[in-house]
Every structure is written in C-alpha cells, then in structure tokens.
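Scroll down for the structure; my scribbles are underneath it.
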C-alpha cells in the first residue's frame, strides 16, 4: 500500500483537482471557483490528498461560526473504495473541530446512493431536504450532518 499525505491546497494543485472534479461531478466547479475558494483561507478548509507524488483527492469546506459546511470532496476514480475519501473527510473534520466547529453539514444529491452510504458510514445522519437544489437537474439535495462529540 502506498503512503498518502494530506496538506493544504495551493493554486498549483488546481489543474489536477480540476481533473478529479470533472471526472466526479455532473456539474463540476470551475477553475475560478477553486481559485476563489483559496483566497478565503481564514474561513475555509482546502485540502489535497497526495499519493505517490500526485494529487489523488481533495476537499473544500467553509467554516462559519461553529459549523463546517463541506462544499466538495472527491477522489480520482482509480483510487476509490480504498479509504482515501474517508481520510480526507476525517482531516477536514479534525481541522474544523480544532477551529471550534461543533458540527459539519453537507448536501448530497438525493439519487447519489453511494455518496449517501459513504457519509452514513462516517457517522452522518440525514436531517432534511433542499427541494430542487441542483439547478442542472432540479434534483433534491439531502442535507446530512455530523455532530462532534466532546
């Protein structure tokens, strides 16, 4: 098994992050969205997971008051189902908790059963629905939450 490391995302990571993004989502973020995300370091958590010298995953989140809002997380298709997504998710949660967060929330497409199962496996629960949240398909979003224990 190879060694994976997690570090802060830099602007130099955007090209491989964009490749992961485009291979993972129906409506991917733009390069400009990631560049903007990097400008708000005090309010954000932006991480990459590096394996064998290459960016293999990333996560982007906001921190507002006592809450982390996970905006996007993905791993390259060839590296899925090996625990890397869980590693980067835990890193986001640890960093957010260290900055005072009490919970993490996210939205996931209602039809994305594998993502919903992934989050449930990591302790998230479904707490609501945002109707017609995804403008590309009018699909509902399921709101999921994880509360940090003491």
Test residue 74 against the criterion of being under 25 Å from residue 3 (Cα atoms) and in a strand (DSSP E or B), and give yes or no. yes
Which one of 38, 49 is farther than 27 Å from residue 138 by Cβ, in contact (Cβ under 8 Å) with a residue 40 or more places away in the chain and either surrounded by 13 or more Cβ atoms within 10 Å (Cβ to Cβ) or in contact with a strand residue (DSSP E or B) (Cβ under 9 Å, 6 or more places away or on another chain) (or both)? 49
State which residue is surrounded by the most Cβ atoms within 10 Å (Cβ to Cβ) when the search covers only the stretch 112-150 and only residues that are touching a strand residue (DSSP E or B) at 6+ places or on another chain (Cβ under 6 Å) and under 20 Å from residue 75 (Cα atoms). 119
Just to confirm my filter: which strands (runs of 3 or more DSSP E) fall fully inside the stretch 98-150 and include at least 3 residues that are closer than 17 Å to residue 85 by Cβ? 103-109
Restricting the stretch 53-71 to residues that are closer than 12 Å to residue 4 by Cβ and touching a residue at least 24 places away in the same chain (Cβ under 8 Å), the one surrounded by the fewest Cβ atoms within 10 Å (Cβ to Cβ) turns out to be 54
Within the stretch 77-106, take every residue that is closer than 28 Å to residue 137 by Cα and more than 13 Å from the chain's Cα centre (by Cα) and give me the one that is modelled with the highest pLDDT. 77
Out of the stretch 72-86, which residues are surrounded by 18 or more Cβ atoms within 10 Å (Cβ to Cβ) and farther than 24 Å from residue 32 by Cα? 79, 84
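Yes/no matrix, rows are residues, columns are (1) touching a helix residue (DSSP H, G or I) at 6+ places or on another chain (Cβ under 6 Å); (2) closer than 19 Å to residue 90 by Cβ:
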site	(1), (2)
14	yes, no
25	no, no
33	no, no
40	no, no
55	yes, yes
Residues of the stretch 78-96 being out of contact with any strand residue (DSSP E or B) (no Cβ under 8 Å at 6 or more places or on another chain) and part of a helix (DSSP H, G or I), which ones? 78, 86, 90, 94
Consider residue 109 carefully, then state whether it is over 19 Å from residue 64 (Cα atoms) and within 15 Å of the chain's Cα centre (by Cα). yes
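The values are calculated or read from the model by the stated rules, or taken from the named source; none is laboratory data. Just so it is clear, the model here is predicted, and its values are computed rather than measured. Using ideal geometry, Cβ is built from the backbone for each residue, glycine included, and neighbour counts are taken over all protein chains shown.
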